[in-house]
Amino acid sequence: MARRGSTRQNQSFNLGFALNDLGVDVKKAGWDALTAGSEVLVSDIKSRIHNVSGKLSDSVIAKPNSTGTKIIISANAKNEKGKMYGRLVEFWPGREHPFMYPAYDAHRGKIRQNVIDAIREAVHRHAVP
């Protein structure tokens, strides 16, 4: 039992606050790494598009989903009739010019590792000595 006026009470460790801080920091670190990776991925996707008008590459965007747990990358260019044609360019049999999947395949390992490293770093920042 601590004596009156002892500093022991001030040295207590509140696990609830510590876990909350850890969770917030880990989520932010992971999200920041994922966002940085998506920017690299969007840039590579745009560089792989072979289009004349530039509409398809201009339509490539990365945005968070409604819950803020993923980043969705899409290419939603429309032709004169209002039809989206990004999927046609990617998958048209015999004429496909894939741009999203090759970029994703090229970067997914590095993006994944960067997210893992960022989360580990955030956890280590909160480690109790």
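The values are calculated or read from the model by the stated rules, or taken from the named source; none is laboratory data. Nothing here was measured: the structure is a model prediction, and the numbers come from that model. Reconstructed Cβ throughout: ideal geometry from the backbone, glycine too, with neighbour counts over all protein chains shown.
Could you list, in sequence order, the residues of segment 48-59 that are over 13 Å from Tyr101 (Cα atoms) and either touching a residue at least 12 places away in the same chain (Cβ under 8 Å) or part of a helix (DSSP H, G or I) (or both)?
Initial filter on segment 48-59 (over 13 Å from Tyr101 (Cα atoms)): 50-59.
Across segment 48-59, the qualifying residues are His50, Asn51, Lys55, Leu56, Ser57, Asp58, Ser59.
Every residue, every condition in (1) under 15 Å from Ser38 (Cβ atoms); (2) in contact (Cβ under 8 Å) with a residue 60 or more places away in the chain; (3) in contact with a Leu (Cβ under 9 Å, 6 or more places away or on another chain), yes or no:
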{"site": "Gly68", "(1), (2), (3)": "yes, no, no"}
{"site": "Ala75", "(1), (2), (3)": "yes, no, yes"}
{"site": "Leu88", "(1), (2), (3)": "no, no, no"}
{"site": "His97", "(1), (2), (3)": "no, no, no"}
{"site": "Asp117", "(1), (2), (3)": "no, yes, no"}
{"site": "His124", "(1), (2), (3)": "no, no, no"}
- request: Working only within segment 116-129, note down all residues that are assigned to a loop (DSSP other than H, G, I, E, B) and either exposed (fewer than 12 other Cβ atoms within 10 Å of the Cβ) or modelled with pLDDT of 90 or more (or both).
  value: Ala127, Val128, Pro129
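Rundown of residues vs (1) modelled with pLDDT under 90; (2) surrounded by 14 or more Cβ atoms within 10 Å (Cβ to Cβ); (3) under 24 Å from Gln113 (Cα atoms); (4) out of contact with any Pro (no Cβ under 9 Å at 6 or more places or on another chain), yes/no style:
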position	(1), (2), (3), (4)
Phe13	yes, no, no, yes
Ala62	no, yes, yes, yes
Glu90	yes, yes, no, no
Arg95	yes, no, no, yes
- line: Of those in segment 102-115 that are free of Cβ contacts under 8 Å to residues at least 12 places away in the same chain and either touching a Pro at 6+ places or on another chain (Cβ under 8 Å) or surrounded by 12 or more Cβ atoms within 10 Å (Cβ to Cβ) (or both), the residue farthest from Lys70 (Cα to Cα) is Gln113
- prompt: Looking at (1) closer than 30 Å to Val24 by Cβ; (2) modelled with pLDDT of 85 or more; (3) surrounded by fewer than 12 Cβ atoms within 10 Å (Cβ to Cβ), which is the one condition that is false for Gly68?
  reply: (2)
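Would you please name the residue that is farthest from Ile111 (Cα to Cα), looking only at residues in segment 17-50 that are polar (S, T, N, Q) and surrounded by fewer than 18 Cβ atoms within 10 Å (Cβ to Cβ)? Please lay out each step first, then the result.
Step one: of segment 17-50, the residues polar (S, T, N, Q) are 20, 35, 38, 43, 47.
Within this subset, residues satisfying the condition of being surrounded by fewer than 18 Cβ atoms within 10 Å (Cβ to Cβ) are 20, 35, 43, 47.
On the way: Asn20: 26, Thr35: 9, Ser43: 14, Ser47: 18 Å.
Among residues in segment 17-50 that are polar (S, T, N, Q) and surrounded by fewer than 18 Cβ atoms within 10 Å (Cβ to Cβ), the one farthest from Ile111 (Cα to Cα) is Asn20.
Being part of a strand (DSSP E or B), basic (Lys, Arg) and either closer than 30 Å to Ala122 by Cβ or touching a Ser or Thr at 6+ places or on another chain (Cβ under 6 Å) (or both) is the filter here, so list the residues in segment 60-89 that pass it. If you could, list the steps in order and put the result at the bottom.
Taking segment 60-89 first, the residues part of a strand (DSSP E or B) are 60-64, 71-75, 78, 84.
Add one more test, that the residue is basic (Lys, Arg), and what stays is 63, 78.
Selection gives Lys63 alone.
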